[in-house]
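Chemist: Mind looking over this structure? Questions follow.
The values are calculated or read from the model by the stated rules, or taken from the named source; none is laboratory data. Because the structure is predicted, anything quoted here is derived from the model rather than measured. Neighbour counts are summed over all protein chains in view; Cβ atoms, including those assigned to glycine, are modelled from backbone coordinates with ideal geometry. Only protein heavy atoms, including side chains, enter the accessible area calculation; ligands, DNA and RNA are left aside. Shrake-Rupley method; radii C 1.70, N 1.55, O 1.52, S 1.80 Å.
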Amino acid sequence: NDAPVVTSIKGVSSDFVSMLANDDSLSTRLDDKVQFLDQYGEDIAAPAFDANDTANTDSDLDFTIKPKDASNTVTDLNNGVISASTTAGTETYEIILKKGTSVLDTLEVTVTVVDKTKITAFGIDDLNKFYTDDAGALTHTQQIKIHGLVDGKKVVVPQSMAKHFSASNGLLGINPTT
């Protein structure tokens, strides 16, 4: 009969991108990709995110993210967003679920920074639906984003790596200028 409360970390959502090219303009958001479970083993909304890991009263429930190694030079964490550096390598972060000063659960997440000159395979992020009616031609637009692929995993890359897009028939709704 007890109301559900957050008791453990389930993991991170499948759309979390844990690989970045070594370009300091690139980042991946981790804080809103963490998933939690209640005492009954069911998914539950995330508790408050504490970016600064501030001291809490015994009743406060929140989570924080910290680099496992304080001498981190590969990535940077700022308010739940992990940014790449120009140095390739890996960095491990700890997601810590707390109630007051007590740790309820922890999860380690590794983020890899890949040398962008070594990325040779690319893909296009999922596209929204295209409208193909003649009346709407050149009015329906969407941004096309590319990503790198390393060992079948998605890598965030600078969009300037895309040099040319082309499409064959049936795409009247694309605005070629955007």
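Chemist: Which of the numbered conditions does residue 114 fail, given that it passes all the others? Conditions: (1) of a type in the set (A, V, I, L, M, F, W, C); (2) closer than 26 Å to residue 10 by Cα; (3) crowded, with 16+ Cβ neighbours inside 10 Å.
Modeler: (2)
Chemist: How about the stretch 39-56: which of its residues are among the aliphatic types (A, V, I, L, M) and open to solvent by less than 50 Å² (accessible area, probe 1.4 Å)?
Modeler: 44, 51
Chemist: Could you tell me whether the stretch 122-129 includes any residue that is at pLDDT 95 or above and part of a strand (DSSP E or B)? Talk me through it step by step, then tell me what you get.
Modeler: Of all residues in the stretch 122-129, those at pLDDT 95 or above come to none.
No, because not a single residue in the stretch 122-129 is at pLDDT 95 or above and part of a strand (DSSP E or B).
Chemist: Any residue in the stretch 51-67 that's in contact (Cβ under 8 Å) with a residue 24 or more places away in the chain: show its pairings with residues that are among the aromatic types (Phe, Trp, Tyr) at Cβ separation under 7 Å, as long as the two are six or more apart or on different chains.
Modeler: Within 7 Å, the pairs are 62/49; 63/49; 65/93; 66/93; 67/93.
Chemist: Among 2, 50, 76, 60, which is under 19 Å from residue 158 (Cβ atoms) and at pLDDT below 95?
Modeler: Details: 2 fails: under 19 Å from residue 158 (Cβ atoms); 50 fails: under 19 Å from residue 158 (Cβ atoms); 60 fails: under 19 Å from residue 158 (Cβ atoms).
Only one candidate qualifies: 76.
Chemist: Follow-up question, since we're still on this one. Out of 31, 24, 38, which single residue is under 17 Å from the mean Cα position of the chain (by Cα), at pLDDT 95 or above and not polar (S, T, N, Q)?
Modeler: After ruling out the rest, the residue left standing is 31.
Chemist: Tell me whether the stretch 35-47 contains one or more residues that are over 30 Å from residue 118 (Cα atoms), outside any loop (DSSP other than H, G, I, E, B), in contact with a strand residue (DSSP E or B) (Cβ under 9 Å, 6 or more places away or on another chain) and in contact (Cβ under 8 Å) with a residue 40 or more places away in the chain. Step through it out loud before you land on a result.
Modeler: To start, the set of residues in the stretch 35-47 that are over 30 Å from residue 118 (Cα atoms) comprises 35-47.
Narrowing further to those that are outside any loop (DSSP other than H, G, I, E, B): 35-38, 43-44.
Subset that is in contact with a strand residue (DSSP E or B) (Cβ under 9 Å, 6 or more places away or on another chain): 35-38, 43-44.
Adding the requirement that they be in contact (Cβ under 8 Å) with a residue 40 or more places away in the chain leaves 36, 44.
Yes: one or more hits.
Chemist: Hey, among the residues in the stretch 133-159 that are exposed (fewer than 13 other Cβ atoms within 10 Å of the Cβ) and at pLDDT 85 or above, which one's nearest to residue 13 (Cα to Cα)?
Modeler: Going through the qualifying residues, I end up with 152.
Chemist: Among the residues of the stretch 8-18, which ones are open to solvent by 80 Å² or more (accessible area, probe 1.4 Å) and either more than 15 Å from the chain's Cα centre (by Cα) or among the small types (Gly, Ala, Ser) (or both)?
Modeler: 10, 14
Chemist: Among the residues that make up the stretch 19-38, is at least one of them more than 30 Å from residue 122 (Cβ to Cβ) and either in contact with a Leu (Cβ under 6 Å, 6 or more places away or on another chain) or open to solvent by 60 Å² or more (accessible area, probe 1.4 Å) (or both)?
Modeler: Checked the stretch 19-38: no residue is more than 30 Å from residue 122 (Cβ to Cβ) and either in contact with a Leu (Cβ under 6 Å, 6 or more places away or on another chain) or open to solvent by 60 Å² or more (accessible area, probe 1.4 Å) (or both).
Chemist: Could you tell me whether any residue of the stretch 90-109 is in a strand (DSSP E or B), among the small types (Gly, Ala, Ser) and more than 15 Å from residue 50 (Cα to Cα)? Working first, answer last.
Modeler: Filtering the stretch 90-109 for residues in a strand (DSSP E or B) gives 90-99, 102-109.
Then drop every residue that is not among the small types (Gly, Ala, Ser), which leaves 102.
Pick out the ones that are also more than 15 Å from residue 50 (Cα to Cα) and you get none.
Within the stretch 90-109 (the criterion being in a strand (DSSP E or B), among the small types (Gly, Ala, Ser) and more than 15 Å from residue 50 (Cα to Cα)), the answer is no, since none of the residues qualifies.
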